[in-house]
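Input: a single structure, listed below in structure tokens.
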Amino acid sequence: MSDIIRNPFRAGLESGCTQFGAWLGLPDTITAEIMAGAGFDWLLIDHEHGVFEVREVLAHLQAMAPYDVAPIVRPADGDSTLLKKLCDIGAQSFIVPMIDTPEQAADVVSAVKYPPEGRRGMGTSLARASRWNTVPDYVTRANNEMLVIVQAETTTAIDNLEAIANTSGIDGVFIGPSDLSASMGYVGQVSHPEVEKTITDALKTIRAAGKYAGLLCLDESKIAHFEGYGANFIGVGVDTLLLGNAARGLAARCTSNDEVAPEAGY
């Protein structure tokens, strides 16, 4: 009989060390393996903006399984049917986008947890998560390994941030700087002083609620700044940008092309 696998992302956060990770948007599993062996603490499979369906998410989870890296899944939205499928294929850590209210946050928690804490449907004989009914007492133990993080990325979410962070079952809140800057009226200006102040204030609010706080920060010069304001986990790279920037840089150096690579945002 198989034993339930401890959620590695939860374990990393509980260690007290800042957890650094990267986005996976390319659906090829070889890319996932290369990134999984690179030394990040976690990798996020981006079902929201990446070219992924459930089968591709499953393939990425399988490709990453032999490596010492924690997988996170970002679903397209908080749809309960989608979340149920992602739980069954083995996702334990979620970052759910565009959560604006504590009611939406509570609905996400309910969707990924079995009764009595939630309404996740029973289907363990078909589920990779339970090793097809070989994990002893899976249905009574699975809830403790689920890690539910929601994204606050609008001004509405920021207004409701304290209530969202204090929602029962929410483990953390992730700040999405790009969408937040757009919502604030600063489209494409993630480094605008007002945006950065909103982010740092949000990190403090999340930590004050006793929850984990995270964000995406592709500007390496700002990572320590946000870590100092309490960020427990920080996304520092995206596979498409890492490939594209490296390829453009190499081509420019070899061809004496003076074209400048796009500025990294966060």
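The values are calculated or read from the model by the stated rules, or taken from the named source; none is laboratory data. Bear in mind the structure is a predicted one, so any value in this text is a computation, not a measurement. For neighbour counting, all protein chains shown are included, and Cβ atoms are generated from backbone atoms with ideal geometry for every residue, glycine included.
Brief remarks on what is shown
- Apart from one condition, Val139 fits all of (1) farther than 27 Å from Gly25 by Cα; (2) in contact (Cβ under 8 Å) with a residue 60 or more places away in the chain; the exception is (2).
- Enumerated helices (runs of 4 or more DSSP H) restricted to segment 47-139, each holding at least 1 residues that are of a type in the set (Asp, Glu) and farther than 25 Å from Ala213 by Cβ: 54-64, 80-88
- Arg128 falls short on exactly one of the conditions (1) among the basic types (Lys, Arg); (2) in contact with a Leu (Cβ under 9 Å, 6 or more places away or on another chain); (3) within 28 Å of Ala157 (Cβ to Cβ), and that condition is (3).
- Here Asp137 fulfils each of the conditions (1) touching a helix residue (DSSP H, G or I) at 6+ places or on another chain (Cβ under 6 Å); (2) modelled with pLDDT under 95 apart from (1).
- For the criterion of being crowded, with 20+ Cβ neighbours inside 10 Å and modelled with pLDDT of 95 or more, Ile206 passes.
- Only residues that are buried (at least 18 other Cβ atoms within 10 Å of the Cβ) and part of a loop (DSSP other than H, G, I, E, B) were counted in segment 5-17, giving 1.
- Scan of segment 140-184 for residues that are within 21 Å of Leu215 (Cβ to Cβ), of a type in the set (S, T, N, Q) and surrounded by fewer than 18 Cβ atoms within 10 Å (Cβ to Cβ), ordered by number: Thr155, Thr156, Asn166, Ser178
- Extreme residue, farthest from Ile149 (Cα to Cα), among residues of segment 219-246 that are among the hydroxyl-bearing types (Ser, Thr, Tyr) and out of contact with any helix residue (DSSP H, G or I) (no Cβ under 6 Å at 6 or more places or on another chain): Ser221
- Some residue of segment 92-113 being surrounded by 17 or more Cβ atoms within 10 Å (Cβ to Cβ) and in contact with an Asp or Glu (Cβ under 6 Å, 6 or more places away or on another chain): yes
- Breaking point among (1) more than 24 Å from Val112 (Cβ to Cβ); (2) surrounded by 18 or more Cβ atoms within 10 Å (Cβ to Cβ), for Val187: (2)
- Just one of (1) in contact with a strand residue (DSSP E or B) (Cβ under 9 Å, 6 or more places away or on another chain); (2) over 21 Å from Ser93 (Cα atoms); (3) modelled with pLDDT of 95 or more fails for Cys217. It is (2).
- Scoring Ile30 on the criteria (1) assigned to a helix (DSSP H, G or I); (2) farther than 24 Å from Ile234 by Cβ; (3) of a type in the set (A, V, I, L, M); (4) under 17 Å from the mean Cα position of the chain (by Cα) leaves a single failure, condition (4).
- Among (1) farther than 25 Å from Ala36 by Cα; (2) surrounded by fewer than 21 Cβ atoms within 10 Å (Cβ to Cβ); (3) of a type in the set (Gly, Ala, Ser) - the single one Ala76 does not satisfy: (1)
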